[in-house]
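Chemist: Below: one structure in structure tokens.
The values are calculated or read from the model by the stated rules, or taken from the named source; none is laboratory data. Since the model is a prediction, treat every value here as computed from it, not as a measurement. In this analysis, Cβ positions are derived from the backbone assuming ideal geometry, glycine residues included, and neighbour counts consider all displayed protein chains.
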Amino acid sequence: MSQDTKTNLAIDPVVLTEIYRQMARIRATDKAIQSGLLSGRFFFTYWPMTGQEAIPAVVSQLTGARDYMVTTYRGIHDQVAKGVDLFKLFAEAMGRIDGVNKGKGGAPHISDPASGSMLTTAIVGAGAPIANGLAFAAQARGEDRVTIVNFGDGATSIGAVHEAMNLAGAWKLPVIFMCQNNQIAEYTFIPDYTASPDFAGRAAGYGFTGVKLDSRDPIAFYKGMQAVIAQVRAGNGPVFVEAITHRHGPHAGVGDSKDITAEALALAKEAWPVPRTRALLLETGICTEVELAAMETAAAAEVEDAIIRALACKITPVEETLLDVYADATVPPQRGIYPVRAAESTPTGETKVMLMAEAIGDAQRTALLKDPGVFLLGEDIGDPPGGVFATSRGLQTEFGKRVRPTPIAEQAIIGCGTGAAIAGMRPVAEIMFNDFAGVCMDQIFNHAAKQRYMSGAATHVPLTIRMIVGGGLGGTGAQHSQSLEAWLLHTPGLKVVYPSTPFDAKGLLLSCIFDEDPCIHLEPMALLRSLKGEVPVEDYRIPLGVAKIRRPGTDITLISYGWQVNQCMVAAEELAKEEISAEIIDLRSLVPLDYHRVLDSVKKTRRALVVHAATEFCGFGGEIASTINEELFTTLKAPASRFGAAFAPIAYSREIETNQIPNARSIAARVRQMIAK
Amino acid sequence: MPDLLIPRLEMSMTEGDLVEWLVADGATVAEGDPIYTLEMAKATQDISAPAAGVLTQIAAKGQTYEVGTLIGKIT
């Protein structure tokens, strides 16, 4: 260990001074926030980090803006030391348009790519899988960046952190899991929340290094972190750091914590690295009192200037509501506004007959060839088998490490995709059956879907998620046969497509992969390996938000998507024998939704039925039927209606399954009823 | 120099009771000194001075005020 000869300290005095400068900036920020909240100068919810300043102050001396950081709502100290502009930080916390994220994320959702602060989550532990994705992007591109994900000791209990640690170990990702162990999980202590308090020791269980470092001694912490960061930067895989610290404040609010004893608080304050580092700088003669006071005054002035400017900014106005939900502000559905989107031109080149599964594989291959940022990850997608329905067969053989079979860990998969997408890659993540979406719903709807909005478009997530949907084969049961598109459609920020033909599957999937927003490509289990069709060999795109008339008709419009389109087609043939002419619209894209073509068709037929395999109650059909009724009330011969599955889990019994979901016979019966009315 | 407004210290808070001034009108306070007691729906908290200076009391104790009400100044 090198020692500075002047001071006998195991650290360069300049570095220690800079560590204190960051501590002073963090301290000034913390004090100004608490004072401002107490005096009523401004209001936002604050999760104080008083006591934890040394961790980012030290890390800031070992990392740069190129290194990625992910942190949590208790992360203002991390943001300050990372270099987020204080004016933009305060403006964001106050919900102002000039905030670093246009006031749309607020204090707990800072994203500032310029400083490397990539994402801040208010969901405990959820940052870890996303940090893996940022680290994956750096690794895939051969960059020497490290990614540091901060979280508290409370997050060591949650599944996302375990999934992330397992994946990081398996892939040797350049990521540091920084557990800021302030010894209290919100309001709950060890051993009430764990019988395994050796957090650093857990890393060995995942096959990588774990170290326990005392951040209350900034010099020792600096030395320890120097070794950790060097190890990770050199490509030796992840490290878990348990940084021992204290939290002086409450979980949320201001002042001292009332959750710990007065004795414990006194001990925490005695060990507080901010005054201790200050005293050390004085004692060793590295800084004079005048120099330290000047540093603190400068920090306070920087903060006060930031607050004054932030208070002068405009509150983020209502005009921003639909901006940054997607790249394109016409995507969010709005009452009375039905954009006309141009249909695709038909490709004229060579075609091949493909199964839908093969068309999906061909789309992925086309994307992998076109853009080096595209990569695939998911369960069992490697060769063999190339996915449970062989939708990625042969691609690992052809593209090697750009096709990544993953652990069975959906949060890790989606988080990795989200992080890599934020870093500018175009991940295609498969989670097998949509029934598994529940396992990773937080990653999908709280993170991938909202990141563009919460970051005020400072970041976005060009991620594609592939899921097998619906049953129809019989015997796959209640946990592998559901049609859960309504869960996804209820989440602003996601685009959802659902092809019914091999041709559309390829064209829609390519559009998804090269879209700038998170897209879900739903793949009907019933058709993947049973439906063949002509598929162009070339790269072609089906624009999102363009429905297609599959069959022209005059008496009723059947609106459907996915495998139910084919049930409607069979029903229409039956009805034609009875002189009932049904027009069939295949939505193809559910969000953005092509209300324009739907309403145009129903204006003509004056009757409409929406058909889907999903549960009818609270299903997408109710939404579409309601809009048709509102828009065309005086035109309709009968109220627009919807037809979906019975309100029961999908049965294991083939007989029940076939009958609980709309089929050609039951669809035809519903149409007859509607025409007779 | 700072105005003292009734703060919003709990998410659901719309008003608070100024229970007591802990420092006399016109007295000099140091930053961080407790200056008044605020009662909210869930808790009572002593509010500390955001800055050093002379306290001017504007609002009377023993009454309920809306969040954002000016109750004093430090000059």
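Chemist: When you go through (1) farther than 28 Å from A:Asp259 by Cβ; (2) away from every other protein chain (no Cβ under 12 Å); (3) among the hydroxyl-bearing types (Ser, Thr, Tyr) one by one for B:Thr37, which number turns out not to apply?
Modeler: Exception for B:Thr37: condition (1).
Chemist: Run down A:Gly471, A:Gly475, A:Gly456 and say which single residue is in contact (Cβ under 8 Å) with a residue 12 or more places away in the chain and surrounded by 24 or more Cβ atoms within 10 Å (Cβ to Cβ).
Modeler: Of the residues listed, the single one that is in contact (Cβ under 8 Å) with a residue 12 or more places away in the chain and surrounded by 24 or more Cβ atoms within 10 Å (Cβ to Cβ) is A:Gly471.
Chemist: Consider the range B:5-21. How many of its residues are crowded, with 18+ Cβ neighbours inside 10 Å and modelled with pLDDT of 90 or more?
Modeler: 6
Chemist: I'm told A:Gln451 meets every condition in (1) under 22 Å from A:Pro113 (Cα atoms); (2) surrounded by fewer than 24 Cβ atoms within 10 Å (Cβ to Cβ) except one. Can you identify the failing condition by its number?
Modeler: Evaluating A:Gln451 over (1) under 22 Å from A:Pro113 (Cα atoms); (2) surrounded by fewer than 24 Cβ atoms within 10 Å (Cβ to Cβ) leaves (2) as the failure.
Chemist: Regarding B:Leu9, is this residue touching a Phe, Trp or Tyr at 6+ places or on another chain (Cβ under 6 Å) and either on the phi < 0 side of the Ramachandran plot or basic (Lys, Arg) (or both)?
Modeler: Here the answer is no, as B:Leu9 does not meet what is asked.
Chemist: Further question on the same structure: For the range A:474-488, check the following and say yes or no: at least one residue is β-branched (Val, Ile, Thr) and assigned to a loop (DSSP other than H, G, I, E, B). Show your work before the answer.
Modeler: Filtering the range A:474-488 down to residues β-branched (Val, Ile, Thr) leaves A:476.
Of the ones still in play, those that are also assigned to a loop (DSSP other than H, G, I, E, B) are A:476.
Yes: the range A:474-488 contains one or more residues that are β-branched (Val, Ile, Thr) and assigned to a loop (DSSP other than H, G, I, E, B).
Chemist: Between B:Pro50, B:Pro2, which is at the interface with chain A (Cβ under 10 Å from one of its Cβ atoms), in contact with a helix residue (DSSP H, G or I) (Cβ under 7 Å, 6 or more places away or on another chain) and surrounded by 14 or more Cβ atoms within 10 Å (Cβ to Cβ)? It would help to see each step written out before you state the result.
Modeler: Details: B:Pro2 fails: in contact with a helix residue (DSSP H, G or I) (Cβ under 7 Å, 6 or more places away or on another chain).
Result: B:Pro50 is the single residue among B:Pro50, B:Pro2 that is at the interface with chain A (Cβ under 10 Å from one of its Cβ atoms), in contact with a helix residue (DSSP H, G or I) (Cβ under 7 Å, 6 or more places away or on another chain) and surrounded by 14 or more Cβ atoms within 10 Å (Cβ to Cβ).
Chemist: Check whether at least one residue in the range A:207-228 is within 25 Å of the chain's Cα centre (by Cα), more than 26 Å from A:Gln61 (Cβ to Cβ), assigned by TED's automatic domain parsing to the domain that holds A:Arg66 and surrounded by fewer than 19 Cβ atoms within 10 Å (Cβ to Cβ), and report yes or no.
Modeler: Taking every residue of the range A:207-228 in turn, none turns out to be within 25 Å of the chain's Cα centre (by Cα), more than 26 Å from A:Gln61 (Cβ to Cβ), assigned by TED's automatic domain parsing to the domain that holds A:Arg66 and surrounded by fewer than 19 Cβ atoms within 10 Å (Cβ to Cβ).
Chemist: Now a separate question. Mind checking which strands (runs of 3 or more DSSP E) fall wholly inside the range A:113-208 and carry at least 1 residues that are under 30 Å from A:Thr261 (Cβ atoms) and either out of contact with any Phe, Trp or Tyr (no Cβ under 9 Å at 6 or more places or on another chain) or not hydrophobic (A, V, I, L, M, F, W, C) (or both)?
Modeler: A:147-152, A:175-181
Chemist: To continue, here is another question. With the requirement that a residue be on the phi < 0 side of the Ramachandran plot and surrounded by fewer than 12 Cβ atoms within 10 Å (Cβ to Cβ), what does the range A:270-288 give you?
Modeler: Within the range A:270-288, A:Glu270, A:Ala279, A:Glu283, A:Thr288 qualify.
Chemist: Give me the pairs, please: first residue somewhere in the range A:28-41 and at the interface with another protein chain (Cβ under 9 Å from one of its Cβ atoms) and at negative phi, second residue anywhere and surrounded by fewer than 23 Cβ atoms within 10 Å (Cβ to Cβ) and of a type in the set (Phe, Trp, Tyr), beta-carbon distance under 9 Å, and either six or more positions apart or on two chains.
Modeler: A:Gly36/A:Phe42; A:Gly36/A:Phe43; A:Leu37/A:Phe43; A:Leu37/A:Phe44
Chemist: Among the listed residues A:Val565, A:Val602, A:Val570, identify the single one that is of a type outside the set (Ser, Thr, Tyr) and closer than 30 Å to A:Gln364 by Cβ.
Modeler: A:Val565
Chemist: Within the range A:467-481, can you find the residues that are closer than 10 Å to A:Phe436 by Cα and touching a His at 6+ places or on another chain (Cβ under 8 Å)?
Modeler: A:Met467 - this is the single residue of the range A:467-481 that is closer than 10 Å to A:Phe436 by Cα and touching a His at 6+ places or on another chain (Cβ under 8 Å).
Chemist: Within the range A:225-248, can one find any residue that is over 25 Å from A:Gly125 (Cβ atoms) and touching an Asp or Glu at 6+ places or on another chain (Cβ under 9 Å)?
Modeler: Yes, that holds for at least one residue.
Chemist: Just one of the numbered conditions (1) part of a loop (DSSP other than H, G, I, E, B); (2) over 26 Å from A:Val175 (Cα atoms) is not true of A:Leu37; which one?
Modeler: Looking at each condition in turn, A:Leu37 falls short on (1).
Chemist: Which residues, taken from the range B:20-34, are more than 17 Å from A:Ser39 (Cβ to Cβ) and either within 13 Å of chain A (Cβ to nearest Cβ) or within 13 Å of the chain's Cα centre (by Cα) (or both)?
Modeler: Selection gives B:Glu20, B:Ala24, B:Asp25.
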